Every structure is written in structure tokens, then in C-alpha cells.
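Below you'll find the structure, written out as C-alpha cells, and then a few comments.
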Amino acid sequence: MDASPPTLATDDRPYRVPAAVTARRDPAWTRYDASLLPPDFPARPILVGNDIYRHSVYGQRHPLSIQRVTPVIDLARALGWLDDRAYLESPRASPEQLQRFHEPDYVAAVVEAERSREVPEAVRERYNIGRNGNPVFAEIFRRPATSSGASILAGAALAHVPRGVIHSLAGGTHHGRRGMAWGFCFFNDPVLGILAMLDHGLRRVAYVDLDAHHGDGVQDAFHHDGRVLTVSIHEAGRWPKTGPLHDRAGGTARNLPVPAGLNDSEMALLVERALVPLVEGFRPDALVIQTGADGLADDPQAKLELSNRALWDAVAALVPTAPRVLVVGGGGYNPWSVARAWTGIWATLNGIDPEAALPARAEQVLRGLTWNHSRGRNPPEHWFTTLADRRNVGPVRDDIHRIIEAVLAP
């Protein structure tokens with residue numbers, strides 16, 4: 001039976017985060033402890049995960065009822081691409097750390113929802129908890145606090161080294177608002193990670209969002225903030241129906257709303273002619289890349305037609321544009337396409353060919369996944385036996401050229 005997607009609310013009211021919220025502060029809130037980092041950092045990339053994701057789900061009929069993080073860790077280990085010297089078990093952010101961006105009463109409401117497993121109607125209305133795709137579940141606080149803890153530690157760690165790459169699988173909750181849940185996102189870990197970078201002394205941070213949905217929460221957090229450039233490539237007209245081509249958030253954002261059916265050839269041109277030049281022109285001290293896998297052809301939540309190779313190629317092209325890079329996850333609602341795509345990103349970050357043949361242990365990981373969706377009843381064999389999709393090459397439509405021209409215009 002298909003997982004029925006929850007109804008997502010849209011909000012036509014302008015949402016802005018006051019500039020005082022994101023202005024530079026004493027970095028003590030991050031509680032940075034270099035001893036937590038794996039011994040190979042920063043000489044090689046590190047992968048951040050946590051075993052909480054092995055058993056935590058949003059609910060049996062929710063799109064996030066699937067396993068996404070731990071299969072990537074298991075695959076990387078099975079392939080010999082990950083050892084303990086490059087792996088970090090994510091710490092959990094405290095309520096006080098989350099309050100660096102989120103409103104204290106909202107954080108307290110999420111804590112209480114986990115404690116009681118009940119949400120009064122007034123709390124539902126005010127904080128959007130328990131409705132609109134933001135369900136009450138057993139780890140409603142611990143799970144997003146863990147992904148936020150990863151981004152906070154990663155941001156602080158990167159600010160303390162001249163060069164480095166961190167891959168935080170569970171991050172990328174880019175819709176989260178300061179005082180309410182939004183779009184399956186309870187806390188906004190990319191914002192917290194960027195704030196950790198800035199508060200620890202970095203001057204300029206670029207954020208590139210490859211998810212099929214607009215990175216609205218990150219853009220809105222740094223609206224008019226010249227220290228942060230946000231670039232989002234997303235399907236035009238898809239929820240949250242923000243991020244039109246002309247929206248520059250006071251000059252600090254670029255939005256690339258692409259048409260349905262986006263193919264690999266079009267994505268490659270957008271990366272080469274728009275994303276890379278925009279980031280290079282900003283000259284950031286650090287780059288955050290949100291790698292939502294919902295733009296892939298095998299994902300049920302969008303109408304883009306990308307192969308996972310297009311995502312890998314985008315990451316490979318963007319990483320050299322900044323000395324410090326935090327790669328986070330994001331959307332993705334097919335467990336096989338997510339596991340294969342994100343494992344390939346980890347390979348890409350380490351200079352490994354993701355097209356390597358899968359050993360029996362890796363294939364076993366993929367065959368052990370389940371999905372309560374019509375596409376999960378009879379999965380194609382290549383979902384079990386390979387990481388790499390077949391490239392979806394195709395013609396480049398005029399709309400793509402117009403988007404590139406518009407975002408590069410002064």
C-alpha cells in the first residue's frame with residue numbers, strides 16, 4: 001500500500017528572521033570540543049551519523065517512515081570505504097544550543113511533545129507540531145536535535161581548520177523555521193551549522209541547496225545578511241512554492257526554479273554555468289551543500305528526472321569552490337535511491353569511483369531495505385546490485401538557458 005503523503009500547508013505571509021538573531025555572537029554556545037573529532041580529520045573527510053536513525057521513523061504512513069542514514073553507513077563499511085578513524089557518532093544538541101536560532105518556547109514545546117507524546121490543540125496551532133506532515137513520534141526531539149548537533153559540531157570544527165570536508169548524512173532540514181515545524185523539519189540544522197561557522201570567526205559562507213524543494217528556511221534566516229549567499233535549485237511550483245527566479249532575498253540569494261523533467265544534461269549545464277560561478281564569485285570561507293535526493297527520477301515526491309550521477313557530479317564540481325565544506329543530506333523518500341545516492345556522495349568526497357561492483361555484504365544491505373509504496377513491491381534488480389544509475393542525458397531546454405542568464409545578471 002502506498003504511503004499517503006501528508007498534506008503540507010503553504011504560508012503566504014512573509015516570514016523573516018530578525019537580523020539580531022543571526023548577528024555574530026560569542027561561540028561558547030557551540031561547546032566545541034576538538035577531542036570529539038575522529039583522528040583522521042582534517043586530513044581526510046569524515047562521516048557523521050548516529051544509531052538513533054536505525055529505529056526512528058516519523059510514522060508508518062509518513063514519507064520518512066523509511067531507513068535513510070544507517071543504510072549509507074552500512075554500505076560504506078561493507079564496501080571498505082569507511083572505518084572508525086573517519087566516522088563520528090553525532091552528539092545531540094541541547095535545548096540551549098538549539099536556542100541559538102530557535103525560539104525557546106518552541107524548543108520547549110518539542111521537548112514536551114516527546115515527553116508526553118501528546119500535543120494540545122493550542123500547541124498544534126502555534127507551533128505546527130502534530131499536523132501538516134510534522135507528526136508526534138517517539139524521538140520528536142532527540143532525532144532532530146541529533147542532526148542539529150552534528151551540524152553545530154561540523155560548523156565549529158571546520159572553522160578551526162584551514163581545510164576540511166565533513167559529510168553529515170542526517171542534516172539538511174532546510175525548511176525548519178525559528179518558531180515552528182515546517183515541511184517535515186523540526187529544527188534547521190543548516191542554519192545552526194552556518195551560525196557555528198560565523199560565530200567561530202569565518203566571514204563568508206555559501207549555501208547551495210540541490211533538493212527538489214526550495215531551501216526556504218535557510219534563505220529566510222539570512223535574508224539581507226551579506227555574509228551568507230544562499231543558492232537553491234529546485235522544481236518550479238513545488239511546495240513550499242517559494243524561491244521564484246526573481247527572488248534574491250535582498251541581494252543575498254539566487255534561486256533557480258527548474259521545470260519538471262530536469263535531465264542530467266540540463267543539471268550539468270546549470271552547475272557549470274551558474275552554481276559554480278556564483279559560489280566562486282562569492283569567495284566563501286566555507287561552503288554548505290544540501291544534497292536532497294528527491295530530485296532523482298526514482299523518487300516519488302518530485303517530478304525531476306535526474307540520475308544519482310548528476311548529484312555526484314554536482315558535488316564534485318562544488319567542493320573545490322571553498323576550502324571548508326559541509327555536505328548534508330535533505331529530502332529523499334525512496335530508501336534505495338537515497339542509500340545509493342548518498343553512499344556515492346561519500347565515495348565522491350573521498351576520490352573513490354562510485355561505480356565499483358558491489359560485494360555480497362553491500363548487496364545484502366540493499367536487499368534488506370523495505371518501502372511501503374507501490375514502487376517498493378517489486379524493486380528493479382539494479383537497486384540491489386549497483387550504486388550508479390544510468391545517466392539521463394537529453395536536450396537542454398530554452399528555460400534552462402534563461403535561468404542561467406537571469407541568476408548571473410547583476
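All of the numbers you see were taken from the coordinates with simple rules; none came from a lab. Predicted, not measured: the structure shown is a model, and the values here were computed from it. Positions of Cβ are backbone-derived with ideal geometry, glycine not excepted, and every protein chain shown enters the neighbour counts.
Observations on the structure shown:
- Summarised as an ellipsoid, the range 7-103 has semi-axes of 30, 25, 12 Å, derived from the eigenvalues of the Cα gyration tensor scaled by 5 and square-rooted, with the largest first.
- Antiparallel beta bridges, as assigned by DSSP with both residues in the chain, represent about 10 percent of the total such bridges.
- Counting neighbouring beta carbons within 10 Å and listing from fewest to most, the residues Asp40, Asp285 come out as Asp40, Asp285.
- In a simple Cβ point-charge model (Lys, Arg +1; Asp, Glu -1; nothing else charged), the range 171-286 has a dipole of about 320 debye relative to its Cα centre.
- For the range 60-111 and the range 361-393, distance of Cα centres in Å: 23 Å
- Close amide H pairs (under 5 Å, H built 1.01 Å from N) link Val136 with Gly130, residues at least 5 positions away or on another chain.
- Tensor-based shape of the range 100-148 (alpha-carbon gyration tensor, a/c under 1.5 rounded, otherwise prolate or oblate): oblate
- Length-normalised contact order of the chain in % [C-alpha pairs under 8 Å, at least 6 apart]: 18 percent
- Distance between the pseudo-spin-label points of Glu405 and Asp33 (7 Å out from Cα toward the beta carbon): 5.6 nm.
- When each of the peptides 65-74, 150-159, 137-146 is scored by the mean number of other C-beta atoms lying within 10 Å of its residues, the order from highest to lowest reads 150-159, 65-74, 137-146.
- Between the alpha-carbon centres of the range 16-43 and the range 283-352 there is a gap of 23 Å.
- Residue-wise HN-Hα couplings along the range 199-215, as the Karplus relation 6.51 cos²θ - 1.76 cosθ + 1.60 with θ = phi - 60° gives them from phi, are 5, 8, x, 5, 9, 9, 10, 9, 10, 10, 10, 9, 5, 5, 9, 4, x Hz; Gly and Pro carry x.
- Under the shape rule built on the C-alpha gyration tensor, where the axes satisfy a ≥ b ≥ c, the range 145-194 is prolate, since a/c reaches at least 1.5 and a/b is greater than b/c.
- Candidates Asn128, Asn378, Asn308: whichever shows maximal mean-square fluctuation once the chain is modelled as a Gaussian network with Cα springs under 10 Å: Asn378
- Distant-in-sequence amide H partners of Gly295 (H built 1.01 Å from N, under 5 Å): Ala212
- Packing order of peptides 183-196, 348-361, highest average first: 183-196, 348-361 (average count of other Cβ atoms within 10 Å over each peptide's residues).
- ³J(HN,Hα), Karplus 6.51/-1.76/1.60, whole Hz, each residue of the range 23-40, x for Gly, Pro: 4, 4, 9, 4, x, 4, 4, 6, 6, 5, 9, 4, 5, 6, 7, x, x, 7
- A convex hull fitted to the Cα coordinates of the range 19-408 yields 122 cubic angstrom per residue.
- Karplus-derived HN-Hα couplings along the range 120-128 (A = 6.51, B = -1.76, C = 1.60, θ = phi - 60°), whole Hz, x at Gly and Pro: x, 4, 5, 6, 4, 5, 6, 10, 6
- Cβ-to-Cβ counts within 10 Å put Val276, Val327, Val315 in ascending order as Val276, Val315, Val327, the fewest first.
- Whether the range 186-232 is rounded, prolate or oblate, judged on the alpha carbon gyration tensor where a/c under 1.5 counts as rounded: prolate
- Close amide H partners of Tyr207, meaning residues 5 or more places away or on another chain with modelled amide H under 5 Å apart, are Leu229, Thr230, Val231, Val288.
- Farthest towards the positive end of the charge dipole of the range 40-118, among the residues Tyr58, Ala76, Ala109, is the Cα of Ala76, using unit charges on the Cβ of Lys, Arg, Asp and Glu.
- Each of Ala212, Val365, Ser168 was placed along the dipole of the chain (beta-carbon charges, centred on the mean Cα), and the one lying farthest toward the positive end is Ser168.
- Taking other C-beta atoms within 10 angstrom as a stand-in for reagent exposure, Glu363, Glu405 fall in the order Glu405, Glu363, fewest first.
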